[in-house]
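Worksheet: the structure to be examined is printed underneath.
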Amino acid sequence: MSDIIRRDPRREWIARNRLHPLHDSVANAVQGEVRGPSGLLRKNPHQVGFIGPNGLKRIDRLKGNAVVGVGNKRSAANQEAVLPLHKVDNPDFYIVVVPDMVGGRLSGHDKDILGLAHTMVSTIEGNGAVVAVCFGESKETHYDLAGVDRLIHLSASEYEGFAPEARLTALTHIEAQLAPKHWLFPDSIHGGSDLGSRLAARLGERPAAQAWQVSGEQTVCRGGGGSLDISRQTPRILMLLEECGEAIDETRHEALAIEVDGISVSEPALQDKGLMDVDPSAIPLAEAEFILSAGNGIHNWDQFHKVATVLGATEGASRVAVDDGFMPRFRQVGATGTWVTARVYLAVGISGAIQHMQGIGQCDKVVAINTDAGCDMVKRAALSVIGDSEDILAELMLLAQARKKGSQEEQSDAA
Amino acid sequence: MQPNVVSLISIGRHPQSGRARRAEQDGRGVELGLKLAGEKLSVLHVGNPEEPVLRQYAGMGLPAMTVLKQDETADAVPALSDYLQQEKIDIVLTGVRSESGESSGMVPYLLAEKLGWPVVARVADIVSIKDGVAEVLLALPRGQRRSVTVKLPFIASVDNAAAPARQSAFGPGQRVRMESVNTHGEVDQIRVDWQEAPAKPRPKRLKTVKAKTAADRFKAATAKPQGGSGKVMKNESAAEKAKAIFDLLIEENVIR
């Protein structure tokens, strides 16, 4: 065909004349992109949008993502997208992940490893399922969203707390039952590395410790005290560093329970005698679990120190409290002080400067006691209490003392 | 009665300079061994007896040390387990992870499996030994300690939380009685195929925003991360407020 553009003057005339009876049909007939004589893309602004309920033209530029008004809140909650379900029927092989479950929940490290297990499954031929083995009491409710296809939950009392030998026995049973293609452990001080090493020694496998780049064939792990990268064939047992994979976030998984029977746990050689009482002020601030932190709002410092001892909390302070000389410099929390990782952070009289908020970025639960309800710390906190800190700390101390007394009486009754 | 304690030592590597040194955790292992057995502590190394770093360990006050002479490419575990089986030993102390070689931290576990002894990982201290039962403190994360009892003999890996190694004296280190035993180690065949390279810095994970529209991306880039969905107590009495905080502390299990 020739490249000459043929024009129809009559159609153009109708298209320009919006009052013409044939205008609608002519205007709508042109579909797809329209190029002008110079090759520019032409858009017809009259065809964009729709006529709203009060007769005005509306153009939705948010593509259906507009903020839903207050009145429609309920319907928005109902519309929450349900992720697609990833199903594995009759799996050809298994990859077993043994998460740490610190505090009974999957940690970020555990989730990364579950995500990595799925990428490994996708590189290996056949359809595989990711099995998670959890010991003891579990508070986790979202195994399905973390990427667990099959779940082995051993909640008997012999696996509770510190029980590496009982857990090892259970893992050897699982090895016999499922014959998994790979065992993945977190290389962590929460027990993952210990359990992985025990299993590797028992099975006579050579594991890869401190692995951080894993594919179906090749594994890169740290060696030589962190100074070497060792590339090797992917072994059966892997102990993985943090951030080794991407956590699952776009699919749901079945989390079907698998029963493991006939585990007979013998008397362990290591007898757990429980946790020791550690002086909380001796724990470095960066790794303390529970921090009681003081700011400008504290006036009775003797009371604050007493409360910290009674609650068994490590003391922290904001920059103001340190600059004013009430607390030593090594107690300062924040960008210029220590970046803390506490699970519970109790901030008394701290309004929350941005430098301080950076320092507590990794804390799970923040509790604020403050007189100002509008401050940043109250916005960040899971529980905020508005009022005078001195009264509340006094009440808190009474509660803690009463509890201590109660537990001591119980002990003396038992004795 | 003093227990028979063996500390296993290895050649360390300074993290910054890369020079050979007394390994951090092995030094702590020797220190713990000296605390338990005093002068009677035996110290064992597998490798080259001419290595000058061994003198740094000896300078901690050791009268003698034993070296199982072996090539660097050989596997240390068979030689160690053969040697340990011959002697009458109560406690074997190692570091958690070596500072050179594979650093997998498997030595204590492999030895324990071969000898049939229990292994206690990440020991901070051995408090007492009574009637063949040792009370051991384990180092847990966040500065916590767990008390565990275990029957002798056992293998323990010493954590960084244990007492630091004492200063090493040069002169006594030179005068140590070095006993070297010839062993014929087999070359570690699996390791021959591995490729080793200087460690690359690991890539930092980027925060990826999986937003579908420009408005969502804009919101993710500008909005404050916390929405402020916490519970706020304003008009209750001080006792009620304190009770609410106390309940949360108990629920989170931070008060014992």
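Just so it is clear, none of the values below were taken in a lab; they were calculated from the coordinates. No experiment lies behind these values; they were computed from the predicted model shown. Cβ sites come from the backbone with ideal geometry, for glycine too, and all protein chains shown count toward neighbours.
Would you mind estimating how fast the stretch A:327-382 diffuses translationally, via Stokes-Einstein at 20 °C and 1.002 mPa s with the Kirkwood radius over Cα pairs, in µm²/s?
The calculation lands on 191 µm²/s.
To the nearest 20 debye, what charge dipole does the stretch A:86-257 have about its Cα centre, counting +1 at the Cβ of each Lys and Arg and -1 at the Cβ of each Asp and Glu? It would help to have the intermediate numbers written out before the result.
Working: 14 positive and 25 negative charges, 81 e Å.
Here the size comes out at about 380 debye.
If r is the Cβ-Cβ distance from B:LYS219 to A:ASP324 and R0 is 56 Å, what FRET efficiency results, to the nearest 0.05?
Details: r = 39 Å, r/R0 = 0.70.
Working from the Cβ atoms, E equals 0.90.
Using the Cβ atoms and a cut-off under 13 Å, what net charge is assigned to the surroundings of A:ILE258, where Lys and Arg are +1 and Asp and Glu are -1?
Details: positive: A:ARG150; negative: A:ASP149, A:GLU254, A:GLU259, A:ASP261.
The answer is -3.
Counting pairs of alpha carbon atoms under 8 Å apart in space and at least six apart in sequence, what relative contact order in percent does the stretch A:12-61 give?
On the way: 30 pairs, mean separation 8.2, N = 50.
In percent, rounded to a whole number, it is 16.
In terms of modelled amide H atoms, which long-range or inter-chain residues lie less than 5 Å from the amide H of B:VAL120?
Here B:ILE155, B:ALA156, B:SER157 satisfy the definition.
³J(HN,Hα) across the stretch B:243-255 via Karplus (A = 6.51, B = -1.76, C = 1.60, θ = phi - 60°), whole Hz, x for Gly/Pro?
Values per residue, Gly and Pro as x: 4, 4, 5, 4, 4, 5, 5, 5, 4, 7, 6, 9, 9 Hz.
Based on the alpha-carbon gyration tensor of the stretch A:12-61 and its eigenvalue square roots a ≥ b ≥ c, which shape applies: rounded if a/c is under 1.5, prolate if not and a/b is larger than b/c, or oblate?
Numbers: a/c = 2.65, a/b = 1.28, b/c = 2.07.
In terms of gyration-tensor shape, oblate.
Between A:THR119 and A:ASP272, with labels modelled 7 Å along Cα→Cβ, what's the label distance in nm to one decimal, could you check?
According to this spin-label approximation, the distance is 3.4 nm.
What is the gain in length, in nm to one decimal, between A:SER38 and A:GLU243 on full extension, counting 0.36 nm per residue of separation less the C-alpha to C-alpha distance?
On the way: separation 205, 0.36 × 205 = 73.80 nm, distance 5.26 nm.
Net length gain for the segment: 68.5 nm.
Distance between Cα centroids, the stretch B:142-218 to the stretch A:323-364: provide it in whole Å.
Between the Cα centre of the stretch B:142-218 and that of the stretch A:323-364, the gap is 31 Å.
Given chain A, what percent of its DSSP beta bridges are antiparallel, to the nearest 5? It would help to have the intermediate numbers written out before the result.
Values: 13 of 56 bridges.
The antiparallel proportion sits near 25 percent.
Is the shape of the stretch B:5-192 rounded, prolate or oblate, going by the alpha carbon gyration tensor and its root eigenvalues a ≥ b ≥ c, with a/c under 1.5 for rounded and a/b larger than b/c for prolate? It would help to have the intermediate numbers written out before the result.
Working: a/c = 1.36, a/b = 1.21, b/c = 1.12.
It comes out rounded by the Cα gyration axes.
Under 20 Å Cα-Cα from B:LYS69, which aspartates and glutamates qualify once same-chain neighbours fewer than 8 residues away are excluded?
Leaving aside aspartates and glutamates fewer than 8 places away in the same chain, those within reach of B:LYS69 are B:ASP26, B:GLU50, B:GLU51, B:ASP82, B:GLU87, B:GLU99, B:GLU102, B:GLU179, B:GLU186, B:ASP188.
Can you give the extra length, in nm with one decimal, that the chain gains between A:ASP364 and A:GLN401 once fully stretched, where that is 0.36 nm per residue apart less the Cα-Cα distance?
Numbers: separation 37, 0.36 × 37 = 13.32 nm, distance 2.57 nm.
Working it through step by step, the gained length comes to 10.8 nm.
Does anyone have the angle between helix A:164-178 and the longest principal axis of chain A? Alpha-carbon axes, 0 to 90°, nearest 10?
The two axes meet at around 40 degrees.
Between A:LEU83 and A:HIS305, what length comes free when the chain is fully extended (0.36 nm per residue of separation minus the Cα-Cα distance, one decimal in nm)?
Numbers: separation 222, 0.36 × 222 = 79.92 nm, distance 4.93 nm.
Length gained between A:LEU83 and A:HIS305: 75.0 nm.
Can you tell me the 0 to 90 degree angle between the C-alpha axis of helix A:192-203 and the longest principal axis of chain A, rounded to 10?
80
With the Cα gyration tensor of chain A giving a ≥ b ≥ c as the square roots of its eigenvalues, does the rule (a/c under 1.5 for rounded; else a/b larger than b/c for prolate; else oblate) give rounded, prolate or oblate? Don't skip to the answer; put the middle values down first.
Working: a/c = 2.55, a/b = 1.41, b/c = 1.81.
Oblate shape, in that a/c is at least 1.5 and b/c is the bigger or equal ratio.
Restricting to the stretch A:86-257, compute how many DSSP beta bridges are antiparallel as a %, nearest 5. Present the calculation step by step, with values, prior to reporting the outcome.
Working: 9 of 31 bridges.
Approximately 30 percent, going by the DSSP bridge assignments.
Long-range amide H contacts for B:GLY101: which residues qualify at under 5 Å (H placed 1.01 Å from N, peptide plane, sequence gap of 5 or more or a different chain)?
It is A:GLY224, by chain and number.
In whole percent, what relative contact order does chain A give with Cα contacts below 8 Å and a gap of six or more residues?
On the way: 700 pairs, mean separation 45.6, N = 415.
Answer for chain A is 11 percent.
What is the stretch A:86-257's relative contact order, in percent, from Cα pairs under 8 angstrom and six or more apart in sequence?
Details: 370 pairs, mean separation 52.2, N = 172.
Reported relative contact order: 30 percent.
A:GLU217 label point, 7 Å along Cα→Cβ, cut-off 15 Å on backbone N: hits in the stretch A:228-245?
The answer is A:231-235, whose backbone nitrogens lie closer than 15 Å to the label point.
Angle check, please: helix B:24-37 long axis (alpha carbons) against the longest principal axis of chain B (alpha carbons), in degrees 0 to 90, nearest 10.
So the helix axis and the longest Cα principal axis differ by about 60 degrees.
Treating cross-link reach as a plain straight distance, find the aspartates and glutamates whose alpha-carbon is under 20 Å from the alpha-carbon of B:LYS234, omitting any fewer than eight places away in the same chain.
A:ASP372, A:ASP376, A:ASP388, A:GLU390, A:ASP391, A:GLU395, B:ASP247
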